[in-house]
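Okay, so here's the structure we're looking at.
Bear in mind these aren't lab numbers, they're just calculated from the coordinates by the rules spelled out. This is a predicted model, so every value here is computed, not measured. Every residue, glycine as well, gets a Cβ built from its backbone with ideal geometry; the counts of neighbours run over all protein chains shown.
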Amino acid sequence: MYVIIMLQFTCKGVKGLEYVITAADEGKMLRELLRKDLSLSSGLMRRLKTIPAGITLDGQPVTVRATVRAGQVLRLKSEDRVSSPNIEPAEGELDIVYEDGDLIIINKPFGMPVHPSPGHGRDTVANIMAYRAGQKGEALVFRAVNRLDSGTGGLMCVAKNARAGALLSTQMGEKSIRRVYEAVVCGEVKEDSGTVDLPIGLKPGSGIKRCVREDGESAVTHYRVLERANGLSRVELELETGRTHQIRVHFAHLGHPVWGDFMYGVEQKMRGWALFSKSLTLRHPTTNEEMVFEVPTPEFYEEIMARKASNE
């Protein structure tokens, strides 16, 4: 179950790497359209030139010197010819919130890893997407735009081609992709809202665990308390930066670890912990129009708050 809050992207003739030339595009040289309007990098344009029929207008191969006319259909052939070699396809279920030829938005289950790793070779988002692509006869180069820890659920974006991946990664670097989370944390957070601005780095002696440390990377988390009850707080959080384990480390440092977080708090009998990506806002890599997605708060959040009161 999911809600799309606002979706201005109406395809405008775009179907993956397909674009219908508009009246506003009339008379432009294709090079200008690709670079300025569709934001293709010079490197990607060079690669498209090496692919047979990599750039076509109304099905006919053209060079970037061609002049376009309204109503023509521009198609760019994907340069992905082989799948990521280390991702084994595995059948499984994914909650697909939205998909087109450039990107896919997934409501990731709690407890599911994003990438394969030792002990998780066939049960990740990447494995299932590789299987799904294979069923369609497509290649998959897995490009997760915003990465979620295995125990964190909720919205994540995967780019479906190199161009979309590059443009969405640029948005991440520019901090223009808005990521809002919701968590249940231990203890009743005193302030109604605030900002945690504390650098994060590896914990000495650990290759995985992070901690707040002066020589760490800048990390900024904004928060707002939604509810306090029974020694717990339900908190909405927005990331300004995207450091590994950022929310978990920041709130553990404040004495409010995420409920169920075995690494920074106390493990509970649940798959994952009470932290999920509730809202994701980005600009579509082809139309540049804003897309906002949101998923509802999991029902078990209310169960956690009530369970604390009865000491279960």
By average Cβ neighbour count within 10 Å, what is the ranking of 63-72, 281-290 from highest down? 281-290, 63-72
Hey, which aspartates and glutamates would be in cross-link range of Lys203, C-alpha to C-alpha under 13 Å, not counting anything within fewer than 8 residues on its own chain? Glu214, Asp215, Glu217
Which loop chymotrypsin sites (Phe, Trp or Tyr not before Pro) in segment 191-299, with loop taken from DSSP, have no more than 15 other Cβ atoms within 10 angstrom of their Cβ? Phe262
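Would you mind classifying the chain by shape? Square roots of the alpha carbon gyration tensor eigenvalues, ordered a ≥ b ≥ c; an a/c under 1.5 is rounded, otherwise it is prolate if a/b is larger than b/c and oblate if not.
Details: a/c = 2.25, a/b = 2.02, b/c = 1.12.
Prolate shape, in that a/c is at least 1.5 and a/b is the bigger ratio.
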Principal axes of segment 164-300: Cα extent on each, largest first, Å: 46, 37, 29
List, in order, the whole-Hz ³J(HN,Hα) value for each residue of segment 235-251 obtained from phi through the Karplus relation with A = 6.51, B = -1.76, C = 1.60 and θ = phi - 60°; use x for Gly and Pro. 10, 9, 10, 10, 8, 8, 10, x, 6, 4, 6, 3, 4, 4, 5, 4, 7
Could you work out the relative contact order of the chain? I mean the mean sequence separation of Cα pairs under 8 Å and 6+ apart, divided by the number of residues, in percent. 18 percent
Along segment 142-149, Karplus-curve 3J(HN,Hα) (6.51, -1.76, 1.60; θ = phi - 60°) to the nearest Hz, with x for Gly and Pro, reads 6, 10, 6, 7, 10, 8, 10, 4
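Can you give the percent of C-alpha pairs in segment 18-76 whose distance is more than 18 Å? Numbers along the way, then the final one.
On the way: 364 of 1711 pairs.
Across segment 18-76, Cα pairs with separations above 18 Å total 21 percent.
Using only helices, what value at 222 nm comes out for the chain when you add -39,500 (n - 2.57) per DSSP H run of length 4 or more and divide by the total residues, to the nearest 500 deg cm²/dmol?
Computed mean residue ellipticity for the chain: -4500 deg cm²/dmol.
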Largest fluctuation, Ile247, Ile87, Ile208 only, Gaussian network model of the chain with Cα springs under 10 angstrom, belongs to Ile208
Which residue, Pro109, Pro199, Pro61, has the most motion in a Gaussian network model of the chain that connects Cα atoms within less than 10 Å? Pro61
Tell me the net charge near Thr244. Cut-off is 11 Å between Cβ atoms, Thr244 excluded, with +1 for each Lys or Arg and -1 for each Asp or Glu. +3
For Tyr181, list long-range residues whose amide hydrogen, built 1.01 Å from N in the peptide plane, is under 5 Å from its own amide hydrogen. Leu237, Glu238, Leu239, Lys278
Which links in Lys49/Lys136; Lys28/Lys278; Lys49/Lys175; Lys136/Lys175; Lys28/Lys160; Lys36/Lys160 stretch past 30 Å when you go from one Cα to the other? Lys28/Lys278; Lys49/Lys175; Lys136/Lys175
